[in-house]
Amino acid sequence: TEWGIEHNDKGWRADAYLYCVEARCPATGLMLPLAPSWIISEKYRVCAVLKRNDARQGYDIEIVTGADKETFDKAKQGTVQNGRMVCPETGETFSIASIRGDRRVGRETVYGLRLWENDDLVPRPDDILQERLYCVRWVETDSNKIHRHYCCVEEDDLRREEKVLELLKERFSEWQQKGFIPSRAIEPGYNTDQPIRERGWTHWHHLFNPRQLLYLGSIRSSCLKTGNNTGITFAANAVSINNVTDFASRLARWTPQGEKVNTTFSNQALNTLLNYGNRGIIRLQGNIETFCSGAKTTIKSNTVAKVVDAREINSNYSLWITDPPYADAVNYHELSEFFLSWYEKQLPHFFPGWYTDTKKALVIRGSGEDFKHAMVDSYANLTKQMPDNGLQMVMFTHQDASVWADLAMILWAAGLKVTAAWTIGTETTSGLKQGNYVQGTVLLILRKRTTSETAFLDELYPEIEDEVRRQLDQMLALDDKEDPNFADTDYQLAAYAAALRVLTRYGDIEGHDIRHDLFRHKEAGEASAFEQVINRAVEIASDHLVPKGLETRVWKALQAPERLYLKGLELEKNMEARAGAYQELAKGFGVKDYTGLYQKAKANAVRFKTGSEFKKAGLGNGEFGSTPLRNILFAIHETVRTDDARQGLNWLRDEVPTYWEQRKQMVAVLNYLAALSHIPHMPHWEKDADAAQRLAGAVENDHAGVL
């Protein structure tokens, strides 16, 4: 407040700042602000509108509140689509990689961005990628009422930005030296290479803008100078600063749906953003108070915490709980440096003898032979260190059947069997619920396999089928019908686990050397025997999960592509828009050619086409194109086009050879589609659903073949 960097001349205080990247457009030579969407608030219909300004060789950005439909819809299409810059003047597109200057030299890619130096806090004037503040949300307090205003950036805002940079520069060297802000370089790695090549950032503090560094450095210098710090207080502060930095970096998304800044690790990676949000101090207040207050409670316990390699543990316990690496799905060992960089310099002071290295060289990583050997050795040792009546709980999630097959063989090789498994909804409130991620984690309960029963693999299929159905029925019985906890992907995870429960029960599977299958090299696309069993479990799950509104007899008579389409509509009804969910669904039904069903294929905005959107595309061709359902969708299109159900009926009579035998089935499907009318988030189905209802009546009353 004293610095005057968060208040305007009206006394309003800023609680959110929105930034974007700018780059020169090859088509016009103008500096073009980049964002995949210019929507700021869906509730209040706030969006950014670009206005060409030749005098400044770029664009002004106007902030519109209560935008009309045309303006709002246009703002949804940003200046970057599918990784390509879109020129608003000519419509030409250019890959972001080419804008950065990336190029191939022989067999190697040479990245074009200048690498930032330690003292760089903002882009230099001649850098390819610039950064720009384009919107400020101000908070006005009037008679205890709070009003929020989204405003475009004015000269006073830019002067405040300059002052922030000036204040930071005055303190930067001292703060880095004392460890109040990071000075650690980013080490190359799978995830850590991304900010280097995509932004030129070489140090961890580059992932934070000047305002964020000024906030965070001020907080840490104040709290750590108090003189009453202890190891306990420092540990509490270290955990708390992790929480604050997660909300305050250049990798934190602005979410128009909730009008807030999401966390950095809402996607468990280091994905750089073309536009991001920055919380003001008042939006970080709760996090900061937790940090500054330190430890409030003394914990008395005889527990000992050690960092030990699982393969070297020699203590005997009845219960082991593990959260193992999910093959190469998340590189935790690299991501941890984001947090460690904030307190590594204080660690030796408060905990003499403690290390500041990430120990990532010791991490079990990847998915190859070394990974599998290390996993078997770890679980075999834990099994050795527990009594015969002991148990283990393993938390695991992955979308790939081959990874689950490897896990089954790893647990089997370690002498364990799965005795129970439950899918837990782990992403209930975070940004991950909106993203293209698995939302559940499977908790596997394992015990020692003390018998050496033998089974033939082909004999296990009926047993697995029963086990999968039993697992799903239990989950369905528990699930809240009005507000479901489990999505289809969670049921598929449960199917994986059910298959593991059967496979790990036996000490020997006739005709298969499981250790050899686990460690041998597989060709691309080759599925192990275990993987084939697990894929079959997912198919059983997909067949078993009948969409609400369809009878089981109707569902079982449908072909796999038809089931995929109708189940996909149920996902959409439940507001599921993750590409991964639809991909897993297609995998479960064994449908390989499904991309033609998409009307929208963006990662978090997927949905299938309506009949009117299909028109004649693919009709009569491919897995889906020749099915009765595809003909039903075209008949709906004809009904909408002509406003006459007889036209749709005539198409079905003429083009579906089994029309008379399948008439009741068609009526059931049409009624299912008709139920899609008046769903608020599915307005694209309104006309087609009405047509489906009229067409269902026409088909149902077509007893003699004459309407």
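The values are calculated or read from the model by the stated rules, or taken from the named source; none is laboratory data. What you see is a predicted model; the values in this text were computed from it and never measured. Glycine also receives a Cβ, built like all others from the backbone with ideal geometry; neighbour counts cover every protein chain displayed. Only protein heavy atoms, including side chains, enter the accessible area calculation; ligands, DNA and RNA are left aside. Shrake-Rupley method; radii C 1.70, N 1.55, O 1.52, S 1.80 Å.
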Q | Dipole of the chain, positive direction: furthest Cα of ALA75, HIS7, VAL308, with charges on the beta-carbon | A | HIS7
Q | P(r) histogram, all alpha-carbon pairs of the range 202-277 included - 5 Å bins from 0, percent | A | 3, 14, 22, 22, 16, 12, 7, 3, 1
**Q.** Neighbour-limited loop hits for chymotrypsin sites (Phe, Trp or Tyr not before Pro), the range 603-682 (at most 15 other Cβ within 10 Å; DSSP other than H, G, I, E, B)
**A.** TRP660
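Relative contact order of the range 10-58: what whole-number percent is it, with Cα pairs under 8 angstrom and at least 6 residues apart?
Worked out over the range 10-58, it gives 25 percent.
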Q) Working out 0.36 nm times the residue gap between SER221 and ARG553, then minus their Cα-Cα distance, what length gain in nm do you get to one decimal? A) 112.7 nm
Q) Setting aside same-chain residues fewer than 8 positions from LYS600, which aspartates and glutamates have a Cα under 15 Å from its Cα? A) GLU572, GLU576, GLU613
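Ignoring everything except DSSP H segments at least 4 long, calculate the 222 nm mean residue ellipticity for the chain; use -39,500 (n - 2.57) per segment, divide by total residues, nearest 500.
Here the helix-only value at 222 nm equals -12000 deg cm²/dmol.
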Q.
Below 8 Å, C-alpha to C-alpha, sequence gap of six or more: please give me the relative contact order for the chain in percent.
A. 8 percent
Q) Using the Kirkwood radius built from alpha carbon pairs, what does the Stokes-Einstein equation give as D for the range 125-244 at 20 °C and 1.002 mPa s, in µm² per second? A) 124 µm²/s
Q: Per residue of the range 122-131, in order, report the coupling 6.51 cos²θ - 1.76 cosθ + 1.60 (Karplus, θ = phi - 60°) as ³J(HN,Hα) in whole Hz, putting x for Gly and Pro.
A: 9, x, 6, x, 9, 5, 5, 9, 9, 10
**Q.** HN-Hα J in Hz across the range 200-216 - Karplus 6.51, -1.76, 1.60, θ = phi - 60°, x for Gly and Pro
**A.** x, 6, 10, 10, 5, 6, 5, 7, 10, 7, x, 5, 5, 5, 5, 4, 5
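Tell me the net charge near TRP660. Cut-off is 11 Å between Cβ atoms, TRP660 excluded, with +1 for each Lys or Arg and -1 for each Asp or Glu.
Summing Lys/Arg as +1 and Asp/Glu as -1 gives +1.
Over the range 550-654, what portion of Cα pair distances is larger than 18 Å, expressed as a whole percent?
On the way: 2695 of 5460 pairs.
Roughly 49 percent, once rounded to a whole number.
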Q: Could you sort out which of LYS609/LYS664; LYS522/LYS602; LYS76/LYS687; LYS306/LYS384 sit more than 21 Å apart by Cα distance in this structure?
A: LYS609/LYS664; LYS522/LYS602; LYS76/LYS687
Q | Average Cα contact separation per residue, the range 457-591, under 8 Å, 6 or more apart, as relative contact order % | A | 31 percent
Q: Can you spot the aspartates and glutamates whose alpha carbon is less than 19 Å from LYS360's alpha carbon? Ignore those fewer than 8 places along the same chain.
A: GLU187, ASP193, ASP309, GLU312, ASP323, ASP328, GLU334, GLU337, GLU344, GLU369, ASP370, ASP377
Q) Quick one: longest stretch of the chain between exposed loop GluC sites (Glu not before Pro), exposed meaning at most 15 other C-beta atoms within 10 Å and loop per DSSP? A) 155-452
Q: Calculate, for ILE445 and ARG311, the FRET efficiency according to 1/(1 + (r/R0)^6) with r their C-beta to C-beta distance and R0 25 Å; round to the nearest 0.05.
A: 0.65
Q) How much of CYS223 can a 1.4 Å solvent probe reach, expressed as accessible area in Å² and rounded to 10? A) 10 Å²
Q: Show the residues, 5+ positions off or on another chain, whose built amide H is closer than 5 Å to the amide H of HIS203.
A: ILE186
Q) Which entry in [x] 34.6; [y] 37.5; [z] 41.3 matches mean projected area of the Cα convex hull in nm² derived from the coordinates of this structure? A) [y]
Q. Tell me, what is the per residue accessible area of the range 456-579 in Å², probe radius 1.4 Å?
A. 44 Å²
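Roughly how many debye, to the nearest 20, is the charge dipole of the range 106-219 about its Cα centre, given +1 on each Lys and Arg Cβ, -1 on each Asp and Glu Cβ, and no other charges? Intermediate results must be reported in sequence, preceding the final value.
On the way: 17 positive and 21 negative charges, 71 e Å.
The calculation lands at about 340 debye.
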